[in-house]
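The values are calculated or read from the model by the stated rules, or taken from the named source; none is laboratory data. Remember, it's a predicted structure, so these values are computed and weren't measured experimentally. FYI the Cβ positions are ideal-geometry reconstructions off the backbone, even for glycines, and counts take in every protein chain you see. Calculation scope for accessible area: heavy atoms of the full protein, side chains included, ligands and nucleic acids excluded. Shrake-Rupley method; radii C 1.70, N 1.55, O 1.52, S 1.80 Å.
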Amino acid sequence: MSETINGDGVAVAANGVGKTFDTRSGEVQALTGVDLRVAAGEFVSLIGPSGCGKSTLMRLLADLDSPSEGTIEVFGKTPAQARRDQDYGIAFQQAGLLPWRTVAANIGLPLELHGTDRAARAARVAELAELVGLSDFADRYPDQLSGGMQQRVAIARSLAEQPRLLLMDEPFGALDEMTRERMQAELSRIVGESGAAVVFVTHSIPEAVFLSDRVVVMSPRPGRITGVVDIGIGRDVPRDEALRETTAFFAKVTEVREALHGTPVTASGREGR
Amino acid sequence: MSVVDGVRSPRRDRTLRLVAPVAVGLLGLAVWQLLVGVVGVSAHLLPSPSEIAAEWTANAGPIAEAAWITGVNAVLGLLVGSAVGVALAAVAARLRWIDQMLAPVVAGLAVVPIVALAPVLNSMFGADSEIGRRTIAAIASFVPVFLNTLRGLRQTTPLHRDLMRSYAATGPQTLRTLTLPTAAPYVLTGLRVASSLAVISALVAEYFGGPRGGLGAFISTSAATSAYARAWAYVGASILLGLGLYLVTVALERLVTRLLTGGAR
């Protein structure tokens, strides 16, 4: 789907990426031979069981770790350069808000660090708070918010500088199912409005299908990509409760599930020999 | 969605918080006076509050002077000890080998008894110098400030550090927006503990030579000459001095917390 797009429209390009960690029990191969292309504006989910390296891959894209082999380009630059240029916004499984800052000050943190002046910052923060439906809570502190609201603050913060790429590592992983589904619909709307490309790490099949243009299926020991499923539900189709009931949705859920389980995974295989 | 804590008449809570301890204190004094005056506990075993109050008013000048001497020693010791504690903790948090080098020294300092150190330092700096006493207060203050600060500087989570890295935040920016605010409550707790220790150390150091003057010196001479009520008056002044310094650090803690939470906008 995205391979044909020219260099300008490529958000992420990973070629032959591998990552080994030195642990006390020897080297652990977290990732091997990963080739991945994400087009500008495309929503790609990484899915797989624990230890398949999906979070590691996202950390490599964010330049929070560096690959042991292979190359990664983010908008045609090295991840380090993309990070310095603030080309991506990032959200983790934990909201990671600074507890001594209000909601507004948390959302505005990246703007503050990068020298946006006070007035522009206040305007942007108000806009973002509105976007995630937290306008009434701008002066609250994180410990006065529910988990779902904290996660919305984190998402607003990741959008603060209108990044062209969003990196999200199981941002809804700690939420209850109902909140989670609502957040998925909200994220889909927000991303649609911003036009950013998204790399979304999850271990929930319905979540991946609901949100993505493409689902990248990964497998552990060593972590690698074992399949790619094109979801093919257009962006014009509203991401709402009705979508979850359609046969097309179920078919894709089944397809991703088969891709996940169809791979030869030896249950007895142990890492860290 | 969670809401701000259910507040039930904060005004009444505050009044109660003030009135209750005062009432308990007054009741205690009344019982004490009753024990000495009516039941007849002998005066050199336990002087009555009224006797102590009389001694207090009679010696208001010397008491204030003594409190000033001890207070200056304690405060100077607290300031120097805390400054050194924070500075060394900052270095130790950065460089692991410094931390490992300092750890046994700090552990040693933490268990040095003031009683043992005071005579040595007093003769070291000479009998007419306050420096020995101030050094003792500084050493006593140093330990809790150092330990708490070091701990505080290590409280940033990997998640927050990743976040700052993803923002390409500079070292000073990370220090200002993440590391220091995270450490601040720990530093202040250290200071609060140190403030009491500084007063106690400065006071106890006065029992072991050095220049005449200071609350500790007067407590020991009053007790030695059987002027128990006067000794108690000095004890009372010591308590007030310790409380005063403690309250200053509590106020500082409040101030910093308010600056941290309010100043972020």
Straight distance only, please: which lysines reach the Cα of A:K19 with their own Cα at less than 28 Å, same-chain residues fewer than 8 apart left out? A:K54, A:K77
Roughly how big is the protein assembly as shown's charge dipole about its Cα centre, with Cβ charges of +1 (Lys, Arg) and -1 (Asp, Glu), in debye to the nearest 20? 1200
Per the helix-only calculation at 222 nm, which mean residue ellipticity applies to the protein assembly as shown, given -39500 (n - 2.57) for every DSSP H run of n ≥ 4 and division by its residues, nearest 500 deg cm²/dmol? -18000 deg cm²/dmol
Could you state the angle between the C-alpha long axis of helix B:96-111 and the longest principal axis of the C-alpha atoms of chain B, as a value from 0 to 90 degrees rounded to the nearest 10? 10
For the stretch B:106-265, report the accessible area per residue in Å² (1.4 Å probe, heavy atoms, rounded to an integer). 46
SASA check, A:I225, accessible area w/ 1.4 Å probe, all protein chains in place, rounded to nearest 10 Å², comes out at 50
Bridge type composition, chain A - antiparallel percent by DSSP, nearest 5: 55
Interface residues in the stretch B:223-261 - accessible area drops by 10 Å² or more relative to the isolated chain, probe 1.4 Å: B:L260, B:T261
What is the angle, in °, between the Cα long axis of helix A:118-131 and the longest principal axis of the Cα atoms in chain A? Nearest 10 is fine, range 0 to 90. 60
Once the in-chain neighbours fewer than 8 apart are removed, the aspartates and glutamates whose Cα is under 17 Å from A:K252 read A:E207, A:D213, A:D230, A:D240, A:E241
What is the local net charge at A:G48, summed over the other residues whose Cβ is closer than 10 Å to its Cβ (Lys, Arg +1; Asp, Glu -1)? +2
Sparsely packed GluC sites (Glu not before Pro) within the stretch A:147-242, loop by DSSP, other Cβ within 10 Å at most 10: A:E241
Could you state how much accessible area is buried at the B-A interface, both sides summed, with a 1.4 Å probe, in Å² to the nearest 100? 2600
For the protein assembly as shown, which whole-number percentage of the solvent-accessible area (1.4 Å probe, protein heavy atoms only) is attributable to carbon and sulfur atoms? 61
For the stretch A:97-161, the dipole about the Cα centre with charges only on Cβ (Lys and Arg +1, Asp and Glu -1), to the nearest 20 debye, works out at 100
In degrees, nearest 10, range 0 to 90: what is the angle between the Cα axis of helix A:147-158 and the longest Cα principal axis of chain A? 90
How large is the dipole of chain B about the Cα centre if only Lys and Arg carry +1 and Asp and Glu carry -1, each at its Cβ, rounded to the nearest 20 debye? 1160
Accessible area expressed per residue, the stretch A:97-161, with surrounding protein chains retained (probe 1.4 Å, Å²): 36
List the residues of the stretch B:141-179 whose accessible area drops by at least 20 Å² when all protein chains are present, compared with their chain alone, using a 1.4 Å probe and counting only protein heavy atoms. B:L159, B:H160, B:D162, B:L163, B:M164, B:R165, B:S166, B:Y167, B:A168, B:Q173, B:T177
Does any residue of the stretch A:107-150 lose at least 50 Å² of accessible area with all protein chains in place compared with its chain alone, and if so which ones (probe 1.4 Å)? A:L113, A:Q144
Mind checking A:89-97 for the average number of partner chain beta-carbons within 10 Å of each residue's beta-carbon? 3
